[in-house]
1. With respect to residue B:386, is the statement that it is in a helix (DSSP H, G or I), farther than 30 Å from residue B:248 by Cα and more than 8 Å from every other protein chain (Cβ to nearest Cβ) true?
2. Can you name every residue in the range A:427-452 that is surrounded by fewer than 19 Cβ atoms within 10 Å (Cβ to Cβ), under 22 Å from the mean Cα position of the chain (by Cα) and touching a residue at least 12 places away in the same chain (Cβ under 8 Å)?
3. Looking only at the range A:432-460, which residues are more than 13 Å from chain B (Cβ to nearest Cβ) and part of a helix (DSSP H, G or I)?
4. Can you tell me which residues in the range B:262-314 are over 21 Å from the mean Cα position of the chain (by Cα), at the interface with chain A (Cβ under 9 Å from one of its Cβ atoms) and either surrounded by 20 or more Cβ atoms within 10 Å (Cβ to Cβ) or modelled with pLDDT of 85 or more (or both)?
5. Checking the structure you have, find out if any residue of the range B:30-50 is at pLDDT 85 or above, surrounded by fewer than 18 Cβ atoms within 10 Å (Cβ to Cβ) and over 30 Å from residue A:246 (Cα atoms).
6. If we keep just the residues of the range B:57-85 that are over 25 Å from residue B:308 (Cα atoms) and more than 14 Å from chain A (Cβ to nearest Cβ), which is nearest to the chain's Cα centre (by Cα)?
7. Does residue A:381 satisfy the condition of being out of contact with any helix residue (DSSP H, G or I) (no Cβ under 6 Å at 6 or more places or on another chain) and crowded, with 18+ Cβ neighbours inside 10 Å?
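The values are calculated or read from the model by the stated rules, or taken from the named source; none is laboratory data. These numbers come from a predicted model, not from an experiment. Note: ideal-geometry Cβ built from the backbone for every residue, glycine included; neighbour counts use all protein chains shown.
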């Protein structure tokens with residue numbers, strides 16, 4: 001099987017879609033014929049349909065597993081099923097490793113037990129550990145039984161690590177060389193391997209107890225004199241991570257130091273595995289997406305072409321919170337019903353105060369969430385940040401509150417109304433600034449995702465306070 | 001100078017902050033003394049202050065350039081200045097390469113011409129090309145004059161590439177080996193280099209006209225017999241990119257295929273440079289952040305500790321749009337003032353319809369923007385997506401519209417009001433679904449960022465339509 005890298009996927013995708021469209025057309029024709037009398041059925045068309053599917057299979061077999069995964073992600077449900085059914089059984093396991101979590105669960109549902117077992121037979125301990133949470137326990141056990149004992153114990157150990165620690169994402173293909181070796185010994189040991197694993201930019205050097213002592217860049221070994229000892233060639237100052245380290249922090253270290261791979265050690269300093277940049281890129285991308293969706297109150301479990309009921313359910317928790325907070329805002333306005341009855345202009349202007357407060361607060365949240373994601377908000381700088389945001393809120397409040405005050409004056413000809421409008425805007429922008437800084441920081445300190453729900457909480461505060469401030473000031477000064 | 005990698009930066013940051021705090025305390029004491037009579041001035045304290053700054057300099061000199069950059073990013077303005085002034089002149093150039101764009105511009109403003117020239121003297125053509133847009137032309141020209149002619153022409157060529165193409169981010173350190181070489185010849189050529197550049201996982205093989213023919217993984221060369229020819233060892237099927245390729249698409253190919261480095265060719269297929277995974281990680285991270293801020297109507301030019309006036313200005317464009325749209329929403333309500341006057345309950349309930357429409361629409365936007373970012377929305381699947389979102393909108397509208405209808409019934413005891421409420425909710429959630437799908441797709445098709453301003457446009461539509469639908473239905477059925 002050739003699996004060509006394709007820097008640009010559009011053409012490939014179009015080819016696959018053309019085959020799928022053709023299949024649908026032929027299938028429709030076949031269905032029509034099925035209802036026609038037997039003598040009118042056209043054997044040629046049935047043949048064409050089969051031929052088309054063979055062509056689809058051949059096309060899919062020529063694709064890299066990452067491209068198959070991408071194609072599955074972008075197809076609607078029925079096309080997904082057709083493509084999945086025509087991917088070679090031995091290829092399916094690797095595709096399962098590449099796809100997103102919600103799609104993986106869908107694809108697994110479509111596999112019969114024997115297909116599942118054929119798919120998992122292709123995977124090593126690292127891949128099985130990665131898929132473990134989504135696999136039926138019996139299928140996982142059967143696949144594990146085929147591994148050698150070293151791989152089996154790796155699989156068991158992996159399951160014990162927290163999902164957000166280095167242990168969960170490390171791979172076991174770290175190459176360890178003994179400190180006492182010469183460059184020639186090292187090359188001899190490497191030649192016993194068929195090929196070095198991907199992302200091997202450095203080889204790890206350990207002492208006789210497997211404790212990590214340093215590392216030698218592959219490129220240095222390449223140009224070294226064969227007699228030089230590893231101990232004299234190696235970097236002793238190597239960035240290593242512990243199995244318990246938090247992945248988010250480790251991802252940042254990978255970025256800061258432009259690492260390709262890094263050794264992972266256990267609590268006693270022994271080399272147990274390694275982390276590679278490709279894993280980190282996937283992690284960074286997934287985190288960024290999870291955060292973008294979390295701000296809108298969604299989990300990253302939803303994929304664009306998921307079944308409708310699953311998608312609808314994914315949106316309920318946030319909608320429920322939203323209905324409750326909207327209801328509370330309603331009650332705030334209800335308190336001031338008499339004021340609105342006597343001056344209906346209040347009803348037209350009050351949403352402006354709430355809406356502009358919500359939007360400026362969301363700007364502050366976006367900045368604070370980014371700052372937290374980049375570790376740019378160490379304790380001690382929050383007071384400074386709060387002062388800054390409050391100052392900006394006050395400036396913008398005076399400026400845009402003034403503008404809206406003039407609008408109110410022009411519309412309703414009341415100077416007092418204009419002043420109430422401007423005052424409410426200034427105060428609500430101050431509320432928005434404080435809330436926008438405090439909410440994500442408080443969520444973070446409570447050990448939660450600072451983006452998750454921050455926007456709901458903020459909008460609740462700025463809406464309720466916007467109505468309360470504007471209608472309250474109006475009641476005091478106007479009614 | 002040792003520059004230790006630090007997987008975790010907190011301790012280092014705390015050390016630096018302690019020195020800065022100490023400096024501030026000593027400086028305050030020194031100022032107090034300056035106003036005291038001469039005989040009471042304490043020489044010891046002045047000495048302590050100097051000693052403290054020397055210690056700061058020593059601490060900073062021991063740090064990796066990426067860590068210096070991170071520390072500068074997280075410090076407030078005055079501390080930043082102090083740290084920047086105490087970084088060794090020769091180290092400053094490398095730090096400029098690592099920091100974010102807004103911070104870079106700030107740091108450059110703080111450099112005297114001779115300091116600028118000392119900082120830039122450390123940089124090669126790749127680094128200068130990367131900084132070129134932010135440097136004063138005269139400083140750039142002076143730094144370029146020190147380069148050899150090959151590097152100078154690279155610098156000129158780089159400036160010609162669009163910022164969002166491969167040409168802008170490629171580096172010139174690609175190692176090219178002739179197709180006719182043996183493994184031993186290749187090793188001989190490599191040994192002439194001091195060290196191979198970072199992220200060298202494969203060596204590129206070219207023919208006599210410099211046209212890319214294939215690549216050899218470093219690890220394969222390491223374990224190869226010395227007599228084997230490169231032509232027989234190399235992969236012919238290598239993922240290469242063109243200088244004109246779009247970086248976003250290339251970043252996805254890096255992720256799909258887990259690449260560490262890839263060759264870059266010009267329009268005639270000649271090897272001109274290479275791209276490395278560290279550049280791609282930075283690009284992916286920066287894009288994700290730009291998008292998160294764009295959704296809130298901010299540019300990524302704002303950093304958390306920027307001068308207040310700059311920060312305030314960054315928020316004005318969006319606030320202006322927001323004030324205009326809020327004003328239009330005001331006018332929609334104004335049309336129905338008589339209805340509100342006769343039934344004040346309308347004023348209390350109308351923000352609910354608008355707010356829930358805005359929130360559900362923003363959920364749809366978040367999903368569509370993610371789909372576009374992941375290339376999961378090829379043309380042809382939009383009709384499918386629209387149908388799905390409209391169905392979900394209708395389901396959620398019936399469900400939560402029903403809930404809010406019951407709330408309205410409980411509050412105001414009017415069945416007709418409850419029905420108007422529920423109908424307005426259903427219709428506005430349909431509006432939100434359509435707008436949430438159409439707005440980011442339309443922005444994308446117009447060649448703009450699908451996230452930028454999508455939320456403003458959506459909120460404008462869901463607010464105005466929410467008020468119009470609810471008050472309009474109320475006027476027809478209730479008043």
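1. No: the conditions fail for residue B:386.
2. Answer for the range A:427-452, where residues must be surrounded by fewer than 19 Cβ atoms within 10 Å (Cβ to Cβ), under 22 Å from the mean Cα position of the chain (by Cα) and touching a residue at least 12 places away in the same chain (Cβ under 8 Å): A:444, A:449.
3. Of all residues in the range A:432-460, those more than 13 Å from chain B (Cβ to nearest Cβ) come to A:434-435, A:438-439, A:442-449.
Matches in the range A:432-460: A:434, A:435, A:438, A:439, A:442, A:443, A:444, A:445.
4. The answer is B:262, and nothing else.
5. Of all residues in the range B:30-50, those at pLDDT 85 or above come to B:50.
Next, only the ones that are surrounded by fewer than 18 Cβ atoms within 10 Å (Cβ to Cβ) stay: B:50.
Of the ones still in play, those that are also over 30 Å from residue A:246 (Cα atoms) are B:50.
Scanning the range B:30-50 turns up at least one residue that is at pLDDT 85 or above, surrounded by fewer than 18 Cβ atoms within 10 Å (Cβ to Cβ) and over 30 Å from residue A:246 (Cα atoms).
6. B:60
7. yes
The rows are residues; the columns are (1) more than 7 Å from every other protein chain (Cβ to nearest Cβ); (2) at pLDDT 90 or above.
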site	(1), (2)
A:325	yes, no
A:347	no, yes
A:350	yes, yes
A:353	yes, yes
A:366	no, no
A:370	no, no
